[in-house]
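For reference, the structure is listed below as structure tokens.
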Amino acid sequence: MTFDLASVGWDADLASAYRRFDRPGHLPARVTRVDQGVCTALAATGPVRSSLSGSVLAAAARDPRVLPCAGDWVVLCCWPDQRVTLDAVLPRRTAIVRGVADRRSVGQVLAANVDLAAVVEPMDPEPDPGRIERLLALAWESGAQPLVVLTKADLAADPVAVAGQVAECAPGVPVYPVSVARGDGLADLRALVAPNRTLGLLGRSGAGKSSLVNALAGATVMATQRIRRADGRGRHTTTYRALVPLPGGGAVLDTPGLRGVGLFDAADGIDRTFADVDAFAAGCRFADCAHFDEPDCAVRAAVERGELSVRRLESWHKLRREQAWQTRRRERRLAAEARAQSTRSRRGRA
């Protein structure tokens, strides 16, 4: 079996990054799935399973974000005894990173090297603007191009109106109403996932991500499960991240349903998600206006005029507070590590 890696994004820049590893027994591949330290990757020879090398594990002990994840381009080493190890992760072009409840205050990479980051939200039950804004902040921060995919459009009385409402909390981001059941909107999404491009999907359990992957792939490649219509809840269908090559080229990367999405170093992503708030803020009297009770606050004035919703401003405040808290935690961790390193150095000299 042979596979054309160019169809899922291999290009001259990646070939240049791989060149220093290019020697007998080594080959490039793209990670399609990771299971407890065992990676499944797609190489020119077909799917390959590998374990992580000692050097990768050592690097991950210092920073878990360097662990390979779905979407990564990696270097595999094929040993004479038939073992295969993953020896290196090539530089990532984009990375969707969320904050995790960890005393080290480091992020978790959900997906790597996606060109398009789709926030997937169902129209039934009605979309949650706050969740969309939070996921858009991650998408913008990743370096990928964000979009919003509204699934289950066949269950909405007026999907066009719902899409218009969602667009108000996603300035500058295209919104695609989609119905897998009827096939509505799928052609537009397929056109986005051209050869060499990868579409990443972010959303809660029951949002319809796995059904969307199956529809784009033209086959059942991800398990799906009925979700309670009353509240949109149910058991998680996808419990792992999977990169799925599509017929005709391109790939889609499905992620598990996200119960909670913490921010990690996403200040720029928040600013871009709330571009409308920033635009009004340009008219504030003070450059550091916090938009609470400062005099001549153009943002509060926009709320009073009905040009900006109270809900959206509250959401902006909430995400900014969370990001500031994450930044303080990270700064304390780095300061503690620096003090510990200084202590070790002094003891070594002594």
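Worth pointing out:
- Build a GNM of the chain with springs between Cα atoms under 10 Å apart, and of Asp268, Asp278, Asp81 the one that fluctuates most is Asp81.
- Projecting the Cα atoms of Gly218, Leu155, Ala6 onto the charge dipole of the chain, computed from C-beta unit charges around the Cα centre, puts Ala6 farthest toward the positive end.
- Of the DSSP H helices in the chain, those whose Cα atoms cover at least 24 Å axially and whose Kyte score averages -0.5 or more: none
- Distance between the pseudo-spin-label points of Ala187 and Ala167 (7 Å out from Cα toward the beta carbon): 2.0 nm.
- By the Cβ rule of 4.7 Å, the chain holds the following cysteines without a possible disulfide partner: Cys39, Cys69, Cys77, Cys78, Cys169, Cys297.
- Of all DSSP beta bridges in the chain, antiparallel share, percent nearest 5: 65 percent
- Taking chymotrypsin sites (Phe, Trp or Tyr not before Pro) in DSSP loop conformation with at most 14 other Cβ atoms inside 10 Å as exposed sites, the chain has its longest uninterrupted site-free stretch at 1-239.
- Rounded if a/c under 1.5, otherwise prolate or oblate - segment 251-350, Cα gyration tensor axes: oblate
- Residue of Gly249, Gly203, Gly306 that the Gaussian network model of the chain assigns the largest fluctuation, springs spanning Cα pairs under 10 Å: Gly306
- Area accessible to solvent at Val74, 1.4 Å probe radius, in Å²: 0 Å²
- Chain lengthening between Ala290 and Asp158 when straightened (0.36 nm per residue, less Cα-Cα): 43.8 nm
- Of the trypsin sites (Lys or Arg not before Pro) found in segment 115-198, the ones in coil according to DSSP and having at most 14 other Cβ atoms within 10 Å of their Cβ are Arg182.
- FRET E, pair Thr45, Asp265, Förster distance 56 Å, beta-carbon r, rounded to 0.05: 0.90
- Think of segment 95-175 as having a plus end and a minus end, set by charges on the Cβ of Lys, Arg, Asp and Glu; of Val100, Ala167, Ala137, Val100 sits farthest toward the positive end of this dipole.
- Residues in segment 40-56 reached by a label modelled at Val100 [backbone nitrogen below 11 Å; 7 Å Cα→Cβ]: none
- For segment 91-191, the per residue solvent-accessible surface stands at 39 Å², with DNA, RNA and ligands left out and a 1.4 Å probe.
- Trypsin sites (Lys or Arg not before Pro) lying in DSSP loop within segment 11-92, provided at most 14 other Cβ fall within 10 Å: Arg83
- Ordered by solvent-accessible area of protein heavy atoms (1.4 Å probe), largest first, the residues Cys78, Cys69 come out as Cys78, Cys69.
- Förster radius 45 Å - calculated FRET efficiency between Ala17 and Glu314 (Cβ-Cβ, nearest 0.05): 0.55
- The calculated 222 nm mean residue ellipticity attributable to helices in the chain amounts to -10000 deg cm²/dmol, summing -39500 (n - 2.57) over DSSP H runs of n ≥ 4 and dividing by all residues.
- Here each label is just a point 7 Å from Cα along the line to Cβ, and for Arg83 and Ala338 those points are 4.0 nm apart.
- Surface per residue (accessible, 1.4 Å probe) for segment 270-350, Å²: 66 Å²
- Within the accessible surface of the chain, defined with a 1.4 Å probe on protein heavy atoms only, the carbon and sulfur portion equals 51 percent.
- Convex hull volume per residue for the chain, taking Cα atoms only, in Å³: 177 Å³
The values are calculated or read from the model by the stated rules, or taken from the named source; none is laboratory data. Model, not experiment: these values are computed from the prediction. As a convention, Cβ positions derive from the backbone with ideal geometry for all residues, glycine included, and neighbour counts pool all protein chains shown. With ligands, DNA and RNA removed, areas are computed over all heavy atoms of the protein, side chains included. Shrake-Rupley method; radii C 1.70, N 1.55, O 1.52, S 1.80 Å.
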